[in-house]
Every structure is written in structure tokens, then in C-alpha cells.
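Engineer: Starting off with a structure, shown below.
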Amino acid sequence: MTFFFSEFIFNEIFIFFQGFATLYASHTMSLVYPEYRDIDLFVLNNLQHAMRVDATGVSRPMTYYVENHRGISNLFDDIAYSKAASVLRMIQHSLTEETWKKGLKLYLDDMKYEAADSDDLARNLQEAASADDRLPQNLTMKELIDSWSLKGGYPVITVERSNESTSTLIISQAKYVNTKKEKTEANWIIPINFATASYPYFNDTSPVAWMKDQTVFIKNDSFHVFNETDWIVFNIQETGYYRVNYDNSLWNLISNKLASDTFEEIHVINRAQIVDDVLNLARGEYVNYEICFRILEYLEHETDFLPWSSANNGLGYINRLMTGSENYANFQRFISKIVSPLYQSLGSHDRGRKDTLSEKRARTIAINWACTSGEESCINDTNKRVMEVLKTPSMEIEANVRSAIYCNGLRQTNQDEFELVWNRFTNTSDQMTRQTLINGMGCIQDAEIQRQNLNFTLESEEFYTKSEKTRLLKAIYNNGGRNGVESVIDFFSENFDEIDELYGEQTVRRNMYWMADKVIAKELYEKFEKLIDDLIVAQVLAENEKEILMEGPKINQEWLKQNDEEIGKYFKSYFANDAMNLGSVSVMFLAIGVIFNLLI
């Protein structure tokens, strides 16, 4: 697909041709294999992925002029592929499929074998849009494309009910960034569409309004149907490349709808969008974490992989930070409650053709979060499966779940079980098996075993090759929890001379940068800072690198200081209500029992 667009039309540093290739690769697969749900996967793997990459506040525009070979090479990134494809998809849905195809045909006929830029695309799409009356009089296609291609980042729109009239919605826009201190105003031309309780139709993705200014007003009328008690969901099927925030009352209505038995009336892509948006809005301090967790409560009833995949991406960030909190046990308890039904439904075994593709994709997520939350059935199931394989070399775990089973099955490994793992590792030369076992050993949470394993890496290459040593280090501080980070910091502090000789300064230096964001707890912050100071004295690091390396741990500390108390209060209230509901159910059954006995 890339070959077609790049060979048929020559592009003058025109990044959209990579976007076309990405978009139509997904579109073609969806036509040939609709059961693979490639359109849904596009939203997850391209649009939501691009938004995470594009949220730093300093990301480059899609159209970006360069003058040398290295500059050209650097353009082939997530902005070129995923963001460009997502913006093209937004324009496609804004014009409707019919008009879009008409404009593309004009573009391909007009520019074949010619050099093209974004103005050429705009001109031909404009001709089709004008013929079909798809754009308002005060908007041109060039304005629309330039609005998105000439600046980095993307908008977040905020939807509020007017204080003066509940029949009016106020929509405002700002540039989304994932750190509050960097928030800035910027204007995009945004296609607006939405579904409501009164008009719950998620198939029409064409815009009902265009947002050119900082603020627009939408009134309840025959084209925009809603009342004051309606839930409202903007950005139908997440066709627009923007996030959506709401005022508290609208978030509450969405939360209540998701908590109801009819939550599936909201399109599955929009359920994934709501989850992804609220997690990232909480991270960027646009909403508080109480709103975020209230939305996530509904996942207890969600079985589709798409919303769970969106949750998986955002919850990983919170889980990492909460390891430094006294509220971490309650966070684990919350995750266990919402993921347990999914895990109990899917189990740890891949069922081959009996599984739907959604079930296959959801199973790995269910295993990882059920075990991370400490759910005993998950830990026991996965541990049993790993031990069976270690004791019976002819057995193997299904490929789809293998990494998840090994990681979680070894999470609570004791010394005797580690001996089995170590015996298999040291007696195999199969590279795939060794890599699987290294990744699994990185998930072990026991500090003593972590240190023992790290010390094995000092034995020249008797047990581990040089590349395997680096892989094990990363696996331990990435997946070994708080103990894993501390074990690696202590390992470097206590054995620096040997490590320096075996690994080399560059490997030591790189690992400091890779590990920095994993430093959460105050005690680890102090240990890591001392290690950095020691490496500066040893001239492995330059003095000015300390500020860079400590920036991540400082941000982690600030996040805990700002959010930990609020999150703790939410969990306290959540579990109190949960206990109250459980008590009410128990009383009801007791009363039924008493009445039954009286009748007998």
C-alpha cells in the first residue's frame, strides 16, 4: 500500500502518503476479513497510539520541511503513519464515504506521476465536497487540512450545559497536553458529531457542526436532539482526532449509563474512547481521578477486548505510580473486582478455534491484570501451568498466552520453584525458550531471588550472554515491581566495578535512563539519587545529566502528592458502598429464608 501511493504520486515531503498507506491497509483487511475487526484495531493501534505520542506539547507537525537525508529519515515515525492516517480518516468521515472516494479519484487522476503536496489533495477534495455540498460556505478544504497538518498536537474539546439554558451545549477547545503546566490555547477546525439518549444512533459519523473558533454553541433542535437528563457522547466511533471532556453532570450521566444493563447501546468504539479519554484526561489534570475510576467501574461487565485494551494502556501508568502509595492494596482490590468476571469467563487456556478473536485478545489482558491485582485463582492457575511445563519438557503453553502465563505464573515464585526455572534455563540452548524464561524471571517479585539472579549475571558468560544480561536487568526493573527497581539499584551500587567491566559504561548509562521513570517511592528516590551521584563521581555520567535523570522521579513524587489522598478517599467510599450493597443483598436473602420457613 505504501508502494502504491509513493510510486503513483510523487510527494514533496508530503507526509500524508504514509497516512494513506496505513489507513487503506486497515481498510483493505476489513473488507477481506471483516471478522478480524481491523477498523476497531485501527482506532486502538493507530489513533489512540498516535494521541499518546502526540501529547507531549512539543510534537512536530505532520507537514514538516527538511533539507537533508537524516531529516527525511526522521519523518518516518508515528506522526507520519498513525497520526496522518487518523486525520485522513477524520476527513473521510466528515465528507462521507461517497464524496471522499469521488475526491480521491479526482486527486489520483489529476496528479498521477506528478509531484504532489497537501494543496493538491485539498483542491481535489474541495471539488468533490463542493459538488456534494459537504462543507459550510465559510470553510474550505485547504483550511481544514492546514489546520491539522501545520501544527503539532491535537485538541481536547470540553462539553458543558449552559447555566442559562439546559437546552444549549457550550463546546470549547484547547490543546491537549499530558502535563498541566504546559497547557496552551490553539485552534483547530473540528468536525463535531454526537449521540444522545434521545437520539442513540452511532452509525452516522458525518458532522452536525463545525468548530472553527475557540467556543461554539449547540442548541437542542430537530438536528441536535437532547434533553437535560440525556447522556451525551461526542465523537461518534472516535472518527475525530481529538479528546472529549465533559462537565461533571454530563460525566455522571455517562457513568450511570455505562453502569446500567443497557451500556452496550453506546457503541463499542465509543466505550473504548470514553475509557481512553478519561484515563488521559485524569493524567493531564483535566478531570479528577474520582471521575476516572467511576467510569472504569463499568468494566466489571465489559467483555469486549476493545475497551479493555484502552484501559490496559492507561491503567499501566496508574499501576506504576501507585506502587509507591499506601493505597496500592486498595487499587489492586479495585482492579481485581472489575477484571475478575472477565478472567473467570476466559480462563488462562487459549481454546483455539473455539475462541472468538475478541476473546483471544481479551484473555492476555485479563490474565495480566487479574494476576497483577493479586487474584489468587489467576496466580495459582498460571503457576500450575508453568510448573507443569518445567517438569514435563515435552509440554508447552499456547503461543497466544505464553508470555502472560510465564510472567504471572512466576510472579510469586519461591526458592524451590526458582530452582526448576533455573535448571531449565541453564540446560537449554534454544533461544526462544531462553528469552521466554528470562522475561518470566523478570516478573518474580521476591527480592532475595531477584538479587540471586542478578548476581548470576556477574559470572562472565557462564550463565548469561551479554545481551541476555541486559534483557534480564530490564525485565526485573520493568516487571519485578517495587522490589525489582530496588534490587537493580542496589545491584549497581554494590557491584559497580564488576558491572562496569562486564557491561560497559554505555550499558550502565542507558539503564539509568530506562529505569528512572520506575522510581516511585521516596526511599527509592533517595537510593537512586545516591547512585546517580556515585556514577557522576565515576565519570560514567556528566553532572548536567543528574537533573535530566531525576526529572521523572520528581514528577512521580508530585503525582503521588497531588493524587494519592483523593484516590484513597474514592476507594474508601467505593468499598464502603460495595459492602453496604452486599449487606443489603444478604439481608434480603435472610428475609426470604425466614418467610420461607414460616410458610413451611
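Engineer: Testing the spin-label approximation: label points 7 Å from Cα along Cα→Cβ at S377 and D247. State their distance in nm.
Structural biologist: In this crude spin-label approximation the distance works out to 4.3 nm.
Engineer: Report the label-to-label distance for V208 and S167 in nanometres (one decimal), using points 7 Å from each Cα along the Cα→Cβ vector.
Structural biologist: Each label point is offset 7 Å from its Cα along the Cβ direction, giving 1.5 nm.
Engineer: Under the 0.36 nm per residue contour assumption, what length would be gained going from the current alpha-carbon distance of E419 and T465 to full extension?
Structural biologist: 14.6 nm
Engineer: While we're here: Could you list, by residue number, the cysteines of the chain that have no other cysteine's beta carbon within less than 4.7 Å of their beta carbon?
Structural biologist: Cys with no partner Cβ under 4.7 Å: C292.
Engineer: P(r) tail for segment 278-340, what percent of Cα pairs lie past 16 Å?
Structural biologist: Percentage above 16 Å: 46.
Engineer: Follow-up. Which of the peptides 419-426, 185-192 is most tightly packed, and how do the rest follow, going by the mean number of other Cβ atoms within 10 Å of each residue?
Structural biologist: Ranking, from highest mean packing down: 185-192, 419-426.
Engineer: Give me the one-decimal nm value for the distance between modelled label points at E558 and T56, 7 Å along each residue's Cα-to-Cβ direction.
Structural biologist: It is 1.7 nm.
Engineer: So what is the 222 nm mean residue ellipticity for the chain from helices alone, if each DSSP H run of at least 4 adds -39500 (n - 2.57) and you divide by all residues, rounding to the nearest 500 deg cm²/dmol? Spell out each step's value before the answer.
Structural biologist: Working: 26 runs with 355 residues, N = 600.
About -19000 deg cm²/dmol.
Engineer: Please grab the % of Cα pairs in segment 333-441 that end up more than 24 Å from each other.
Structural biologist: I get 24 percent for the Cα pairs in segment 333-441 exceeding 24 Å.
Engineer: Here is a further query. How far, in nm, would the chain grow between S260 and N427 when pulled straight, counting 0.36 nm per residue and subtracting the alpha carbon separation?
Structural biologist: 54.7 nm
Engineer: Label segment 413-599 by shape, choosing from rounded, prolate and oblate, from the square roots a ≥ b ≥ c of the eigenvalues of the Cα gyration tensor; if a/c is under 1.5 it is rounded, and otherwise prolate applies when a/b is larger than b/c, oblate when it is not.
Structural biologist: Note, shape of segment 413-599 comes out oblate.
Engineer: How much length, in nm to one decimal, is gained on full extension between T184 and E228, taken as 0.36 nm per residue of separation minus their Cα-Cα distance?
Structural biologist: On the way: separation 44, 0.36 × 44 = 15.84 nm, distance 3.13 nm.
Going from the current span to full extension adds 12.7 nm.
Engineer: Taking a virtual spin label 7 Å from the Cα of T96 along the C-beta vector, which residues in segment 134-156 bring their backbone nitrogen under 12 Å of it?
Structural biologist: Those under the cut-off are 134-135.
Engineer: Okay, which of segment 160-203 sit inside 13 Å, backbone N to the point 7 Å along the Cα-Cβ direction of K219?
Structural biologist: Within reach of a label on K219, which here means backbone N under 13 Å from a point 7 Å along Cα→Cβ, segment 160-203 contributes 165-169.
Read-outs throughout are calculated quantities, based only on the coordinates presented, and are distinct from any laboratory measurement. This one's a predicted model, so the numbers in the text were calculated from it and none came from an experiment. Neighbour counts run over all protein chains shown; Cβ positions are idealised from the backbone, glycine included.
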